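No lab work stands behind these numbers, since they all come straight from the coordinates. Since the model is a prediction, treat every value here as computed from it, not as a measurement. Don't worry about glycine lacking a Cβ; one is built from the backbone with ideal geometry, like all the others, and counts go over all protein chains shown.
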Amino acid sequence: MSGSSLNAAWIPLADGAEAVYNSSGFDYFRNPDWLGSSRLASTPSRGIAYDTAYAAFGEPYAVSGANSAMSEMRFAGHNADMLTQGSEPIYDAWYREYSYVQRRWLQPDPSGLAAVNPGNPQTWNRYSYVMNQPLNYLDVYGLHIYKEQDGCTFNGTTDTVHCPMPQQLMYGWFGANTIMPYSLSNINIGGYIETANNNIHKFMRQAFCDLFAGLVSTAQHTNSTIGIGIGGSAGVGIFFSIALSGSMQVVAGRNGNLGMSFNIGGNPGYGVFGVGAIGGGQIMVSTANSIYDLRGGSYDVGASGGTGVAIGGDLSFGNNTTTITGTMGAGIGGKGTALTSDYTFVPTTLSTNCKG
């Protein structure tokens, strides 16, 4: 359209042909070849509107006829852009624009790194047209490289190629310009999300390491596993009793590992002397070779005392490691415990290595 005036309209017909209209009405028929390129256009009176040939990358040559302007051309299913007919005319695909002068797309593949096949260096160039192999592949939509076994079918009667609409069109810009075995079903939106998740994971890992760089450095210099966090315990009884404890810590190992540790424990029925409770900040030092050796069950001996400001200490044994934990915070009463049972979780998903 130019204002309210029609410049051109293309009406699809059977077997890939098109009826072309301009501001005066019906103009001519486009007749496609096996790639969807319009090599011959015919008038209603069976005359020739234009006749042309195309080189491998879409360069028109041997052009003749009254309607032979670049704006009339159509290569591999792409119409020529009517507004860029100067020194560098381009073709319009559904999702990108292609320059036959530069022999490449003018916009990068919208799927980002999801379009890359590490085993094929050509795919790292997100601007390349069909991996610079126009005699072997075609890209109907600007999103996916096709060959016949990818779902395109050849009609020997009409000499035309029909390709299925790629799944990416249902998701907008999440398409991928790649070939088998990195097919649409393997990439689609999932590949894009995976790339984004990897970038987010790298950012969060770096932020975690930067925030607790001092803890990691201390663990390496002391050749031990250490942690800081919060926790508390409570108990009541004289031997026959109930005790409960829990903690959450950031832990660092001598090998640069950094993660989260969660500990729960108690001893229903035995091992508490007195009545008391304490909760607050904690510092932990362990002989564990890594933060993952803190995992599993252990036995704990500890004591706490004080009303108001209180301190407590625990000594744990398990998995051939010895762990000392100190707690300082608010408390009430005093108590001692003997051989309470504890279990420690160190999730791999919340851990990383800050040396890499």
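A compact table of results
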item: ³J(HN,Hα) computed for each position of segment 237-244 - Karplus, 6.51 cos²θ - 1.76 cosθ + 1.60, integer Hz, glycine/proline x; result: x, 10, 6, 7, 6, 9, 9, 9
item: Ranked packing of 201-213, 288-300, 115-127, most packed first, by mean Cβ within 10 Å; result: 288-300, 115-127, 201-213
item: Debye log10 I(q)/I(0) at q = 0.18, 0.27, 0.28 Å⁻¹ for segment 252-316, Cα point scatterers; result: -0.84, -1.36, -1.41
item: Karplus (6.51, -1.76, 1.60) ³J(HN,Hα), θ = phi - 60°, over segment 204-216, in Hz, Gly and Pro reported as x; result: 5, 4, 5, 5, 4, 5, 5, 5, 10, 4, x, 5, 5
item: ³J(HN,Hα), Karplus 6.51/-1.76/1.60, whole Hz, each residue of segment 319-330, x for Gly, Pro; result: 6, 6, 10, 10, 10, 10, 10, x, 10, 9, x, 9
item: Amide proton proximity set for residue 49, modelled H, under 5 Å, gap of 5+; result: 41, 42, 43
item: Contour excess over end-to-end distance, with Cα ends at residue 275 and residue 236 and 0.36 nm allotted per residue; result: 13.6 nm
item: For 137, 28, order by how many other beta-carbon atoms lie within 10 Å, fewest first; result: 137, 28
